[in-house]
């Protein structure tokens, strides 16, 4: 029962992450309400997992990782290289995916960020005309919606976690 509740919270977080990605791509905005809701969903899921595992290690590791990410990315916000919503979203990700999923999340984030950077810098590789024009607009403005690769990496990590939780892989 507790596993089902934890999976349900993860699925809700994945749906909210998809919404965050769409809003960030279209408006370059990540709202505080979305970040706070993701934090609550992540904390709830981590608490349920900690009760089942009878260990609070994952929750503690997530708190430390979230603080380190916030402190590491804050100077980039101060230099206007990264948006405040992106910094807050990254700081919440360890709570959403848990400490055990940080390695998978980091690898997927690297892959999705590279794909986004290539798409923004080479919009002619993209198929649709309107999409290509929008990407060129983002390139001219010097804006990259970093919430999109963050959300994509988190959603994929959550999918892997749920698959392992349901013993799909063995």
Lone qualifier among 104, 68, 96 - being buried (at least 19 other Cβ atoms within 10 Å of the Cβ) and at pLDDT 95 or above: 96
Hits in the range 30-58 - residues which are surrounded by fewer than 21 Cβ atoms within 10 Å (Cβ to Cβ) and either without any contact (Cβ under 8 Å) to a residue 40 or more places away in the chain or closer than 14 Å to residue 149 by Cα (or both): 33, 36, 37, 40, 44, 47, 50, 53, 54, 55, 56
Any chance residue 85 is out of contact with any helix residue (DSSP H, G or I) (no Cβ under 6 Å at 6 or more places or on another chain) and touching a residue at least 60 places away in the same chain (Cβ under 8 Å): yes
Residue within the range 136-145 that is part of a helix (DSSP H, G or I), at pLDDT 70 or above and under 22 Å from the mean Cα position of the chain (by Cα) present: no
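The values are calculated or read from the model by the stated rules, or taken from the named source; none is laboratory data. In this text, all values refer to a predicted model and were calculated from it rather than measured experimentally. With ideal geometry, Cβ positions are generated from the backbone for all residues, glycine too; neighbour counts draw on all protein chains shown.
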